[in-house]
Amino acid sequence: MPFKHPEYLVETEWLAAHLNDPHLRILDCTVFLHADKTRGYRVESGYQKWQEGHIPGSGFADLTKELSDPHGRFMFTMPSAERFAGRARTAGRAHRHRTPCLPVREPRRR
């Protein structure tokens, strides 16, 4: 199934070429899902791993707490526009910025 909006995706080459773009704000939104026999899975924010090393100039947006609806029926439910806008402001994003939100593709080994 093709992605509905491929224009919203960026390649690593594009990102590398635009790291010094003053209108670009990169947010790491990594979440780790660990198997859990009682609950199916356990969610871990990628914040600690981001602190250990990240793309230069990037920020971290916690998908589990900041970019999800805390009252949603399911985990990772899209937040309201107001909640998302508030988090975007605190992450340093302004209307003039392009903001890719990047998950880590492969978990970093501990």
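The values are calculated or read from the model by the stated rules, or taken from the named source; none is laboratory data. On a predicted model such as this, the values are computed, not experimentally measured, just so you know. Note: ideal-geometry Cβ built from the backbone for every residue, glycine included; neighbour counts use all protein chains shown.
Scan segment 68-77 and tell me whether some residue there is of a type in the set (Ser, Thr, Tyr), within 15 Å of residue 27 (Cβ to Cβ), modelled with pLDDT of 85 or more and surrounded by 11 or more Cβ atoms within 10 Å (Cβ to Cβ). Please lay out each step first, then the result.
Our first condition is that a residue be of a type in the set (Ser, Thr, Tyr); within segment 68-77, this holds for 68, 77.
From the residues that got through so far, the ones that are within 15 Å of residue 27 (Cβ to Cβ) too are 68.
In the following step, the residues that additionally are modelled with pLDDT of 85 or more were identified as 68.
Next, only the ones that are surrounded by 11 or more Cβ atoms within 10 Å (Cβ to Cβ) stay: 68.
Yes, there is a match, as at least one residue in segment 68-77 is of a type in the set (Ser, Thr, Tyr), within 15 Å of residue 27 (Cβ to Cβ), modelled with pLDDT of 85 or more and surrounded by 11 or more Cβ atoms within 10 Å (Cβ to Cβ).
Within segment 14-29, is even one residue of a type in the set (A, V, I, L, M), in a strand (DSSP E or B) and either modelled with pLDDT of 90 or more or closer than 19 Å to residue 90 by Cα (or both)?
Start the filter on segment 14-29 by keeping residues that are of a type in the set (A, V, I, L, M), which leaves 15-17, 19, 24, 26-27.
Then keep just the ones that are in a strand (DSSP E or B); that gives 24, 27.
Still in the list and also either modelled with pLDDT of 90 or more or closer than 19 Å to residue 90 by Cα (or both): 24, 27.
The answer is yes, given that some residue of segment 14-29 is of a type in the set (A, V, I, L, M), in a strand (DSSP E or B) and either modelled with pLDDT of 90 or more or closer than 19 Å to residue 90 by Cα (or both).
How many residues, within segment 71-93, are closer than 20 Å to residue 40 by Cα and without any contact (Cβ under 8 Å) to a residue 12 or more places away in the chain? Talk me through it step by step, then tell me what you get.
Residues of segment 71-93 that are closer than 20 Å to residue 40 by Cα, as a first pass: 72-77.
With without any contact (Cβ under 8 Å) to a residue 12 or more places away in the chain added as a condition, the list becomes 72-74, 77.
Residues flagged as closer than 20 Å to residue 40 by Cα and without any contact (Cβ under 8 Å) to a residue 12 or more places away in the chain within segment 71-93 amount to 4.
Condition (residue is over 23 Å from residue 18 (Cα atoms), part of a helix (DSSP H, G or I) and out of contact with any helix residue (DSSP H, G or I) (no Cβ under 7 Å at 6 or more places or on another chain)) applied to segment 32-45: is it met by at least one residue?
No; the residues of segment 32-45 include none that is over 23 Å from residue 18 (Cα atoms), part of a helix (DSSP H, G or I) and out of contact with any helix residue (DSSP H, G or I) (no Cβ under 7 Å at 6 or more places or on another chain).
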